[in-house]
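FYI, it's all coordinate maths here, none of it is from the lab. Please read all numbers here as calculations on a predicted model, not as lab measurements. Ideal geometry is used to build each Cβ from the backbone, glycine not excepted, and the neighbour counts take in all protein chains shown.
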Amino acid sequence: MVDAPASLHAPADYAALMRRKRLYSGVIVVIFVALMASGFRLADARNAGGFIDGIGHVFDFPAEILSEALRDWRNLPGFLLEFLPSLIETLNIAAVSTLFGTLAAGVMALFSTRGLALWPRLVPVVRRAMDVMRAIPEIVVALVLIYLLGTGPVPAMIAITLHSTGALGKLFSEAAENADLKPAEGLASTGASWLQRMWFGIVPQVAPNWSSYALLRFEINIRASAILGFVGSGGIGYDLKTALQWGQGKYDEVVAIFVLLFLTISIVDALSDRARARLVRGGQPA
Amino acid sequence: MSTTLTPAAAAPADPALRARVHGAMTRRRRLALALPVLLLAYLAYVFVAFDVAGIASRARPENAATLLNDFWSHKTHVTRDNRSDTLQVAIEGENKGTYPDGQTPAWVHTGPTSDGPTADGTTAGGETVIDLPDGSRITYGRDISALIERPDFGTIRVARVGRDITLELPPGAALPDWISASARRVNVTGPGWRFSMTNARTETFRYAPGWELFFFTLESPFAGRSLPDLVALALWEPRLDPARPNLAGMADDFWNNRMWRHGDVVWALGETVLMAFLGTMGAGLIALPLAFLAASNFAPARLIRLALRRMFDFFRGVDGLIWTVILSRAFGPGPMTGALAILMTDTGTFGKTFSEALENIDTRQVEGVGATGANALQRARFGVMPQVAPVILSQLLYYLESNTRSATVIGALVGGGIGLLLTQAINTQKDWEEVCYYIVLIVGMVMAMDSLSGWLRRRFIKG
């Protein structure tokens, strides 16, 4: 929306341009407000409970579980320990799928970047494949795989890996597009194979960027893995679902799980924030 | 890492430097070796922790076969109830796909019946002949028996004698592996069909490619017609149903198709996009003013800034899953709950990124606007907003696309949108063609949102 006036001969031109711009902005704002208002009303109408009724009760449930947790606060440390293995499972799912996703995305990114690809004809094919992998929500793959493989962490892991590959592949390939080709060309002149050119010429250049994206993905994957647990593939999400279904009497467990999830996400968030700042700014010289 | 050094460089003058370089190289080499080993060790641990070996025993390959078949084909059940002696032809064995009174597909011939169709719409008595795609033919006899004629094998007779099911093969034939027989049940499988007889029922499944009744269900007068036929009906042929024009009838029957529920599906997709839109944009509207208060160069007080920062961290840290659980208690299932859950998490994210963008602006532009005597609001509007608008807009659009996907998942949790339909279809464990349909729609929806957000980004944020 920041248009630089190209060539203006007279103030009248400028005034007309400004008027038109203002008109366009006005129209966009009106459309946006109309969309928001009608969308809100539609969502409100199709929701089981209305917004106005619900807003007064937002704190009912937190108050209920917190009061129960406060009453039985002595149980909390025990529950925190009890759910630690599930939390580790959730983290493992996220870590392994980030790892596999990063590796697969690295390969796919190199195959789908013009100028680097081993088989240039396959570039659009690999790109489409990554688009599809990115577009399929994890829950779809996870639920289908649960039907095939039974419940457990593996369906969630595969689902998150697939999605991570697609999402990271796109970012990786954008980073690789900006890589300097000279090292790879230099290696080529020594008779290096494609693999050697990539490994010694391109990967060192993109490694900081790629690892930064992978760290961000790890954060996202922890959340995804917790959610997938809720639909039946193990980890802390599954414990949360069980505790919630039990209802009153197990709210102290619910609070313990909320605390664990919140702490984990916040800590990983802060750590990866710091690591990413180092990778992108302070890390290797460009 | 073999580096060929020129003779001049091979002998560095400074031995200390040489030692340092060597030390660094050794460390690097050790690291290069240690990393893969560590990774392998971790993967081995996960292999055990996830019980990957046990997957093999828990996996159900027959489920995979069902699923793959159902994704692209459907089956028609021709069932005779051996107790009441009635015949029913139903697509996928579903109520919604049952052929009405005495009507059958062309490949099922019902012989002369003794007493005609019964009151409940099923056909009684008589002989039933079923033609199968490979040239085989199954005849349900008047007594409780069936003849299966396979051109390459001969005639097999299956009958109920007393409480047992008996099997008679053609003379001299050995039991082939496509027949399984016990006293309770006989199963015969052929290319594109399956037959089974138990005490209770005689049943034949005939498989056909494609999704059954995708456009019209059997009760619609347009069911089973060819495309040219439908075009002719829509454009010039007389009304099939005098009450409504053919084209309107088609649209109506398609929209209200009971098997595929196209109308509901479109609504569900709309709800999902609505959740993403309301959540993202609402979060943006809330986060923008807060971001000003949380940016170090605009914050009125350090305390407010720190408090807001912590609040953003809290909103982000409380995962979408937790917000979903809490909010669905207050608002019940539906798109509003999903939108609010997205809004909560994203307010935290946007607050953080927007305030970072605000901290990185160029102050000279603001000073310039201030020099004309502009007040704080005007300085923000004309000095700051033009600088941060591209960042904010691109963030909003990026999240709009990514939240469309999240809204599918959240919909599955809160019970709204296409996510709900998908989980319902998967939980029935048999409507896999519907699952496939929803997956295709979801992927299409996400890709469409991706293109839309990319297009808007290019349109509004020109380099």
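Annotation for residue B:372 and residue B:155: the two label points, set 7 Å from Cα along the Cα-Cβ direction, are 9.9 nm apart. Applying the Kirkwood pairwise sum to the alpha-carbon positions of the range B:75-209 produces a hydrodynamic radius of 15.0 angstrom.
Placing unit charges on each Cβ (+1 for Lys and Arg, -1 for Asp and Glu) gives chain B a dipole about its Cα centre, and among B:247, B:339, B:213 the Cα reaching farthest toward its positive end belongs to B:339. Placing pseudo-labels 7 Å out from each Cα toward the beta carbon at residue B:83 and residue B:310 gives an inter-label distance of 6.9 nm. Dividing the convex hull volume of the alpha carbon atoms of the range B:255-345 by its residue count gives 98 Å³ per residue. Mind jotting down a quarter of the surface of the convex hull over the alpha carbons of the range A:146-286, in square nanometres, one decimal? For the Cα atoms of the range A:146-286, the hull's average projected area reads 10.8 nm². Partner lysines whose Cα lies under 28 Å from the Cα of residue A:182, excluding those fewer than 8 positions away in the same chain, are identified as A:170. Ellipticity at 222 nm from helices only: DSSP H runs of n ≥ 4 in the protein assembly as shown, each -39500 (n - 2.57), divided by the residue count, give -20500 deg cm²/dmol. Check residue B:107: other-chain or 5+ apart residues with amide H under 5 Å from its amide H, H built from backbone geometry? Hits under the 5 Å cutoff: none. With both labels modelled 7 Å from their Cα along Cα-to-Cβ, the residue A:246 to residue B:182 distance reads 4.0 nm. Derived scalar couplings between HN and Hα for the range B:381-393 equal 5, 9, x, 9, 3, x, 7, 9, 3, x, 5, 4, 5 Hz in order, rounded to whole Hz, by the Karplus curve 6.51 cos²θ - 1.76 cosθ + 1.60 (θ = phi - 60°), x for Gly and Pro. Can you list the lysines whose alpha carbon is less than 21 Å from that of residue B:430, not counting same-chain residues fewer than 8 positions off? Correct list for residue B:430: B:75, B:96. In this entry, the protein assembly as shown is assigned a mean projected area of 50.8 nm², taken as a quarter of its C-alpha convex hull surface.
Here the 3J(HN,Hα) profile of the range B:435-440, calculated from phi with Karplus coefficients 6.51, -1.76 and 1.60 at θ = phi - 60°, is 4, 4, 4, 5, 4, 4 Hz, Gly and Pro shown as x. Here the residues B:352, A:182, ranked from fewest to most Cβ neighbours within 10 Å of their Cβ, fall in the order A:182, B:352.
Hey, if you drop one equal point scatterer on each alpha-carbon of the range B:133-284 and run the Debye formula without solvent, what base-10 log of I(q)/I(0) do you get at q = 0.14, 0.16, 0.18, 0.20 Å⁻¹? The calculated log intensity ratios at q = 0.14, 0.16, 0.18, 0.20 Å⁻¹ are -0.82, -0.89, -0.98, -1.11. Summing Cβ point charges (Lys, Arg +1; Asp, Glu -1) relative to the Cα centre of the range A:47-176 gives a dipole of roughly 940 debye. Shown is the FRET efficiency for residue B:17 and residue B:356, computed with R0 = 45 Å from the Cβ-Cβ distance and rounded to the nearest 0.05: 0.60.
Choose one of B:65, B:442, B:263: the residue whose Cα lies farthest towards the positive end of the charge dipole of the protein assembly as shown (beta-carbon charges +1 Lys, Arg; -1 Asp, Glu; about the Cα centre). It is B:442, whose Cα lies furthest towards the positive end.
Note on the protein assembly as shown: dipole from Cβ charges, positive end direction compared against A:181, A:42, A:160; the farthest Cα belongs to A:181. Which of the trypsin sites (Lys or Arg not before Pro) found in the range A:34-140 are loop residues per DSSP with 13 or fewer other Cβ atoms within 10 Å of their Cβ? Passing both the DSSP loop test and the Cβ count: A:74, A:114. Mean partner shielding of peptide B:404-413, defined as the number of other chain Cβ atoms within 10 Å of each residue Cβ, is 5. Over all pairs of different C-alpha atoms, chain A has a mean inverse distance whose reciprocal, the Kirkwood radius, equals 23.2 Å. A Förster radius of 41 Å, combined with the Cβ-Cβ distance separating residue A:72 from residue A:29, puts the computed FRET efficiency at roughly 0.20. Mean partner shielding of peptide B:322-330, defined as the number of other chain Cβ atoms within 10 Å of each residue Cβ, is 6. Around the Cα centre of chain A, unit charges on the Cβ atoms of Lys, Arg, Asp and Glu (plus for the first two, minus for the last two) sum to a dipole of about 1160 debye. Relative to the Cα centre, the charge distribution of the protein assembly as shown, modelled as +1 at Lys and Arg Cβ and -1 at Asp and Glu Cβ, gives a dipole magnitude of about 3040 debye. Cross-link partners of residue A:250 among lysines, defined as those whose alpha carbon lies under 26 angstrom from its own and excluding same-chain residues fewer than eight positions apart: A:241. Computed from phi, the 3J(HN,Hα) profile of the range B:159-168 under the Karplus parametrisation 6.51, -1.76, 1.60 (θ = phi - 60°) reads 8, 9, 10, x, 9, 9, 9, 10, 10, 10 Hz, with x in place of Gly and Pro.
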